[in-house]
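The values are calculated or read from the model by the stated rules, or taken from the named source; none is laboratory data. Every value quoted in this text rests on a predicted model; they were computed, and no experiment measured them. FYI the Cβ positions are ideal-geometry reconstructions off the backbone, even for glycines, and counts take in every protein chain you see.
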Amino acid sequence: MVCNSAIWKTDVPAVFTAVHRVLRPGGRFVFNIGGGFAGVTHPDEQTVRTGPSLNALIRQIATRNYDYTPPPAVGDQRPKLPLDTVLNHLTGPGLTLVNAEVTAQQSTMAEKKAWLSIPVFARPDGDFTHEQRMEILAKAYAQTTPDAPIVTSWLVVVAQRAGEQS
């Protein structure tokens, strides 16, 4: 299994080509892509939510207090790595899709805050220092309930290198 940031934070075709090179024939490559990047939502994500997401609160605070201009709403832009794009990247070096499934990870607002504290995942994007992002995160988190349940959607992909298994 490969961490999703090894996929979306890099040159995707180059990663898939390198994976093909190191897999033995019949070997499998399993990775996940965050729902927002893949353009997928697990049904549980909508049923659990009780208020604005931590990301939405971060955007609100950054817009109001830090002269942030958010990108167009998710519905107005194409996801960065939808399944059809992933399939194109897989087939180039000779990998085939075995399975793709939308899953849900249940956690809490406190866990989401910890995740968004990691520099590569910190929000909002744009010209902010990590310190500023952490200030914005703290202000947004203060408006939440730490143990509130949240659900995050993931696209889990299983691909295989063509050929006989050894």
*Kindly provide the set of residues from the stretch 112-136 that are in a helix (DSSP H, G or I) and more than 13 Å from Tyr68 (Cβ to Cβ), ordered by number.*
Lys112, Lys113, Ala114, Trp115, Leu116, Pro119, Val120, Phe121, His130, Glu131, Met134
*Here are some conditions: (1) of a type outside the set (S, T, N, Q); (2) farther than 28 Å from Asn65 by Cβ; (3) part of a helix (DSSP H, G or I). Ala159 meets all but one. Which one does it not meet?*
(3)
*Take the stretch 34-59 and flag every residue that is in contact with a Gly (Cβ under 8 Å, 6 or more places away or on another chain) and not in a helix (DSSP H, G or I).*
Thr41, His42
_Here is a check on your reading of the model: is Asn65 under 30 Å from Arg21 (Cα atoms) and either at pLDDT 95 or above or of a type in the set (A, V, I, L, M, F, W, C) (or both)?_
no
*Would you check if Arg64 is in a loop (DSSP other than H, G, I, E, B) and at negative phi?*
no
*asked:* Considering only residues that are of a type outside the set (A, V, I, L, M, F, W, C) and exposed (fewer than 15 other Cβ atoms within 10 Å of the Cβ), which ones fall in the stretch 130-161?
replied: His130, Glu131, Gln143, Thr145, Pro146, Asp147, Pro149
*Is it true that Pro93 is closer than 21 Å to Ile33 by Cα, more than 17 Å from the chain's Cα centre (by Cα) and either without any contact (Cβ under 8 Å) to a residue 24 or more places away in the chain or assigned to a helix (DSSP H, G or I) (or both)?*
no
*Determine whether the stretch 80-88 contains at least one residue that is modelled with pLDDT of 95 or more and over 29 Å from Pro13 (Cβ atoms).*
no
*Among the candidates Thr103, Thr144, Thr152, single out the residue that is in contact with a Gly (Cβ under 8 Å, 6 or more places away or on another chain), more than 25 Å from Arg24 (Cβ to Cβ) and part of a strand (DSSP E or B).*
Thr152
*Checking Asp127 against (1) exposed (fewer than 12 other Cβ atoms within 10 Å of the Cβ); (2) touching a residue at least 60 places away in the same chain (Cβ under 8 Å), which single condition isn't satisfied?*
(2)
*Within the stretch 7-17, which residues are at pLDDT below 80, more than 14 Å from Ala159 (Cβ to Cβ) and in a helix (DSSP H, G or I)?*
Trp8
*Hey, among the residues in the stretch 96-119 that are touching a strand residue (DSSP E or B) at 6+ places or on another chain (Cβ under 9 Å) and touching a residue at least 60 places away in the same chain (Cβ under 8 Å), which one's farthest from Ala140 (Cα to Cα)?*
Thr96
*Determine whether the stretch 38-53 contains at least one residue that is modelled with pLDDT of 95 or more and either touching a helix residue (DSSP H, G or I) at 6+ places or on another chain (Cβ under 6 Å) or closer than 19 Å to Ala140 by Cβ (or both).*
no
_So if I check each of Ala62, Ala56, Ala100, Ala110, which one is touching an Asp or Glu at 6+ places or on another chain (Cβ under 9 Å) and either among the small types (Gly, Ala, Ser) or within 13 Å of Val157 (Cβ to Cβ) (or both)?_
Ala110
